[in-house]
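Contents: one structure, followed by commentary.
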Amino acid sequence: MSHVDAQQAERLNRWAEKVLDDMDRLVARDGQYRMASPGKPAWAERRTSSTFWSYHGLTAKISMQIVRTEEDSKGFEKVFSFLWDLLLEGRIQPGDKLIPERELALELGVSRPVVREALRALSMIGAVEIRERVGTIVRRPDVSTLGEFFAFALAQEKDVVEDVMEARVAIECQSIRLACRRATLADLERLRAAIDRIESTVDQVELGSQADFEFHAALVQAGGSKTLINLHGTVAALLIHSHRNRRETVQMHPDIKARVIADHRRIFQAVVDRDEEAADRVLREHFSIGDEYRHKAATEWRSS
């Protein structure tokens, strides 16, 4: 090895990198690893071994200390939190390329498989994109993707429909006040078109609930608050379910149908008139549709 020329040395360096990558993959397969010190993985086996590796006629001896460690999620949490904080603080922006996995692993004192796991988690929520032979690129998260995770998490909670309805009231009542100040002609045209669809589908559960959702989504959009728009989009899946439940109540009580149409017209007119107080009041009254019927059905005594 003392006479290896520069080209051979470069080949050896590339080969050593490949060996380390292969070791990382072997350890990741078991899922039990930690860093004994930055850059020095404590391999998840029971013994010490010395192994000879050969590459293009070059031979080297690699000795590794092999120990068994307990499964630990702290490494993943450390990497994920570190990158997540950078994203929230705006220190890395959409389009930026993250430092290579190996450098990030050394900086945080974790193994490369842990880094990859954290990057995959960020990729699943749309925060980064992992490109082969390029690296990891920061991207602008898709709210609909986040909404799917959020909706799934909330769906496991008890009384989620009532909880989401409370959030909806908060989002839409503030949005309608903003809409009274900011709504453009295009916003008003979207609201008017949504009312037309509500009127034509008032006797249909699926299409009617979709038309209802589109009206209220257009209302939030007209408010112009990106934060409120994103919050509304995040819970969209649960809101659609809520709209469907309310439309089922409407179908069971046909006398509500006329009120559904009238309420949306009144909401629209209040926005056209730029009357914040009236808009807020009419919207809150609209949210109470069906409440008295559900309360009556839940509390009345049934004859046996």
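Here, each number is a calculation from the coordinates, and none is a lab measurement. Since the structure is predicted, the reported quantities are computational estimates derived from the model, not experimental observations. Glycine gets a Cβ as well: all are built from the backbone with ideal geometry, and neighbour counts include every protein chain shown.
A crude spin-label estimate for the pair Asp85 and Asn230, with each label 7 Å from Cα along the Cβ direction, gives 2.0 nm.
Other residues lying with their Cβ under 14 Å from the Cβ of Leu83 contribute a combined charge of -3, Lys and Arg counting +1, Asp and Glu -1. With the alpha-carbon atoms of the range 74-138 aligned to their principal axes, the span from lowest to highest coordinate is 27, 26, 20 Å, starting with the largest.
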